[in-house]
Amino acid sequence: MARRAGVSSVRQRARHVLRIEAEAIRRLIPRINRAFEQAVEHLLACKGRVVVTGMGKAGIIGQKLSSTLASTGTPSLWIHPGEAVHGDVGRVTKADCVIALSNSGETPELNQLLPIMKQIGAKLIALTGNVRSNLARHSDVVLDVSVTREACSLNLAPTASTTAMLAMSDALSVVVAERRGFKEQDFAFFHPAGHLGRRLLLRVKDLMRTGSANPVVRSTAKVKEVLLAITKARAGCASIVDGRGRLVGVFTDGDLRRHVDTSPNLTQMRVRDVMTSHPKTIASDRLAAEAIRLLREHKIDELVVVDGGRRPVGLLDVQDLLKAGF
């Protein structure tokens with residue numbers, strides 16, 4: 001019983017922490033006001049980079065903010081305030097916009113940095129839990145991220161306050177990205193190694209099977225010849241073309257199953273009599289993501305890749321997409 005009571009206490013405490021942090025975010029909603037709009041305007045108007053700084057846990061949130069901005073179309077860098085007052089402030093120019101994060105607004109390292117920032121002439125946006133602090137007084141825009149208490153039982157460790165900073169940072173980043181017209185393709189450009197990058201940058205021509213791996217057979221050929229071509233290419237279907245090399249159909253393993261019981265002499269029949277006419281096709285310059293959509297939508301495993309004259313130039317199999325990480 002004692003052990004069970006202990007488990008219950010752990011769960012209750014964890015839920016209490018989450019309620020405190022959720023409340024910290026909820027209290028930010030009414031604070032999305034003219035100051036927030038001004039912060040967005042400053043970031044959009046910035047001709048240089050958005051420089052983010054902060055000490056301790058606030059600095060870690062600042063690093064995440066800078067990273068999010070950079071990956072969503074706003075050039076940004078993060079500098080450590082301690083290093084900044086020892087030379088790194090030379091990275092900041094008048095064309096930049098600085099975002100400083102500090103719950104107290106009285107962080108000594110930031111206080112040392114503020115006069116230099118003002119001399120440089122960069123715009124300064126503060127995310128602080130103390131709107132009457134030294135940081136707030138020296139800033140062009142102040143975003144209030146104050147919390148009623150930390151989730152820490154001692155009300156000391158940055159928990160709810162860093163959650164509020166993170167949420168406000170995300171709101172700022174997302175709105176700025178949307179105002180810039182940032183699209184999925186832009187995101188993929190900055191994330192070429194990620195899943196989204198592969199999904200949005202790879203094109204059909206990067207994945208399609210060509211040459212001997214792309215079986216193409218005349219419509220006058222016998223089914224036996226088509227099956228041999230498919231087997232040799234280790235493919236799931238063959239493209240069937242007319243005398244001018246234009247696509248008129250496909251022959252798949254599904255076609256084979258449908259006719260094997262009803263056509264005793266199937267292998268000796270002309271493939272044009274048992275093929276699937278009007279197959280789904282795609283152009284080689286289309287995105288691989290579009291190919292996936294077509295395969296799913298029509299519940300098929302292969303797409304014939306055609307050129308402008310409807311000549312089959314490749315074959316895209318669902319397995320090719322799976323191997324590419326889709």
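The values are calculated or read from the model by the stated rules, or taken from the named source; none is laboratory data. Because the structure is predicted, anything quoted here is derived from the model rather than measured. Positions of Cβ are backbone-derived with ideal geometry, glycine not excepted, and every protein chain shown enters the neighbour counts.
Consider Leu114 carefully, then state whether it is part of a helix (DSSP H, G or I), modelled with pLDDT under 95 and within 34 Å of the chain's Cα centre (by Cα). No.
Please count how many residues of the range 96-147 are among the hydroxyl-bearing types (Ser, Thr, Tyr), surrounded by 22 or more Cβ atoms within 10 Å (Cβ to Cβ) and closer than 20 Å to Ile25 by Cβ. Of the residues in that region, 2 qualify. Counting only residues that are assigned to a loop (DSSP other than H, G, I, E, B), over 25 Å from the mean Cα position of the chain (by Cα) and not basic (Lys, Arg), the range 280-317 holds 5 of them.
Where helices (runs of 4 or more DSSP H) fall entirely within the range 147-246, those with at least 2 residues that are at pLDDT below 95, over 30 Å from Arg310 (Cβ atoms) and within 34 Å of the chain's Cα centre (by Cα) are at 160-179, 184-190, 195-201. Whether any residue in the range 61-70 is farther than 13 Å from Leu172 by Cβ, among the basic types (Lys, Arg), surrounded by fewer than 21 Cβ atoms within 10 Å (Cβ to Cβ) and modelled with pLDDT of 95 or more is what I want to check. No - not one qualifying residue is present in the range 61-70. What pairs can you find where one residue is in the range 286-307 and modelled with pLDDT of 90 or more, the other is hydroxyl-bearing (Ser, Thr, Tyr) and assigned to a loop (DSSP other than H, G, I, E, B), and their Cβ atoms are less than 9 Å apart, with a gap of 6+ or different chains? Pairs found: Val305/Thr210; Val305/Ser284; Val306/Ser284; Asp307/Ser284.
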